[in-house]
Amino acid sequence: MNNQQITVIGAGTMGNGIAHVFLQAGYKVHLVDTNELQLNKAIDTIAKNMDRQIVKAVLTIAEKETFLKNISTYSSIQDGVKNAFLVIEAATENAEIKLKIFEQIDAHAPIGAILASNTSSISITKIAAVTKRPEKVIGMHFMNPVPVMKLVEIINGYATDLNVTETIVALTNQLNKVPCVVNDYPGFIANKILMPMINEAIYSLYEGIAGVTSIDTIMKLGMAHPMGPLQLADFIGLDVCLSVLQTLQQGFGNNKYAPCPLLANMVAAGKIGIKSGEGFYVYTPGNKDLVVSKRFAI
């Protein structure tokens, strides 16, 4: 399948990571974003991440140069999806935005192209319904950071064709990732299980049961989690956590998924984790030490 063209819509953290792994698997990649600065930043990020792989002897300099020749950037969906056999949308986790993007992709991508979304919680069936090819729409939920994390959660929409699922499973294996196929219900599996845990950790802080450091340390050392739930929430983005919890609450009609008021307040205040520089911890460029936000310091 490689030497075929993959198009990635969205040049943010997930989009550039997805482009990276397809380049490394030998595919030609079209990266699409309306923001030219974001496109340039994405190419720089991919190059720097490949440099790290060279240091670790995962890649050679020659391979890096070859891979980077296979990526092209576009500012319009119409131009970017031409001749693609697979289009992966990796835009912001907003249903309205994703639906508009899929309408455009469907209008301009080749008739036989598979259309995938990297959504972490939005219904694939709902996304597929705005296209004229619902049987060719599927979810490919990569984990962050994409070049490192092995899992790809593959989500079948109500109308997804079995051959499409099998193609995406085979492709995921070719990327040296581990495919796990799930059905299309709110939060799928990863976030249906993860987000209530994160929410409960935030509630525990909100209720004064324990501080940030204690909560994260207990889960790391007691439950063998590589990262505590509050640190992980910062890494994911508190805005994303809030959005997914709201999707779960609305989708299942169950208040057990209701976001903690503290989470909602932090998002409203713009304290959304690593990408804003502060969440439960404070993040300073060049400093890898975890520093608890003064708001929660004990």
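No lab work stands behind these numbers, since they all come straight from the coordinates. Because the structure is predicted, anything quoted here is derived from the model rather than measured. Positions of Cβ are generated from backbone atoms using ideal geometry, with glycine treated the same way; all protein chains shown enter the neighbour counts.
Which aspartates and glutamates, if any, have their Cα less than 13 Å from the Cα of LYS294, not counting same-chain residues under 8 positions apart? Counting by Cα, and skipping residues close in sequence, LYS294 has these aspartates and glutamates nearby: GLU278. Partner aspartates and glutamates whose Cα lies under 13 Å from the Cα of LYS275, excluding those fewer than 8 positions away in the same chain, are identified as ASP234, ASP239. The residues neighbouring THR167, those whose beta-carbon lies less than 11 Å from its own, together hold a net charge of -1 under the Lys/Arg +1, Asp/Glu -1 convention. If you wrap the tightest convex hull around every Cα atom of the chain and split its volume per residue, you get 135 Å³. Computed from the Cβ-Cβ distance with R0 of 30 Å, the FRET efficiency linking LYS69 to ALA268 stands at 0.10. Principal axis extents of the Cα atoms in segment 191-292, from largest to smallest and rounded to whole angstrom, are 42, 31, 23.
Along the chain, counting only trypsin sites (Lys or Arg not before Pro) with a DSSP assignment other than H, G, I, E or B and at most 12 other Cβ atoms inside a 10 Å radius, the longest segment between sites is 151-287.
One quarter of the convex hull surface, Cα atoms only: what value does that give for segment 31-127 in nm²? Computing the convex hull of the Cα atoms and averaging its projections yields 7.2 nm².
In degrees, nearest 10, range 0 to 90: what is the angle between the Cα axis of helix 238-252 and the longest Cα principal axis of the chain? Tilt of helix 238-252: around 80 degrees. Springs join every pair of Cα atoms under 10 Å in this Gaussian network model of the chain, and among GLY12, GLY286, GLY139 the largest mean-square fluctuation is at GLY286. A straight line joining the Cα centroids of segment 163-239 and segment 113-158 runs 18 Å.
Counting 0.36 nm for each residue step from ASP289 to ILE43 and taking away their Cα separation leaves a gain of 85.8 nm. Here the relative contact order of the chain, from alpha carbon pairs under 8 Å that lie six or more residues apart, stands at 12 percent. If the segment from GLN53 to GLU166 were pulled out straight at 0.36 nm per residue, it would be longer than the present Cα-Cα gap by 37.7 nm. For the set LYS136/LYS177; LYS150/LYS271; LYS82/LYS288, the pairs lying more than 31 angstrom apart at their alpha carbons are LYS82/LYS288.
Taking every DSSP beta bridge that has both ends in the chain, the antiparallel portion is near 25%. Annotation: aspartates and glutamates with alpha-carbon distance below 20 angstrom to LYS56 (same-chain offsets under eight excluded): ASP44, GLU65.
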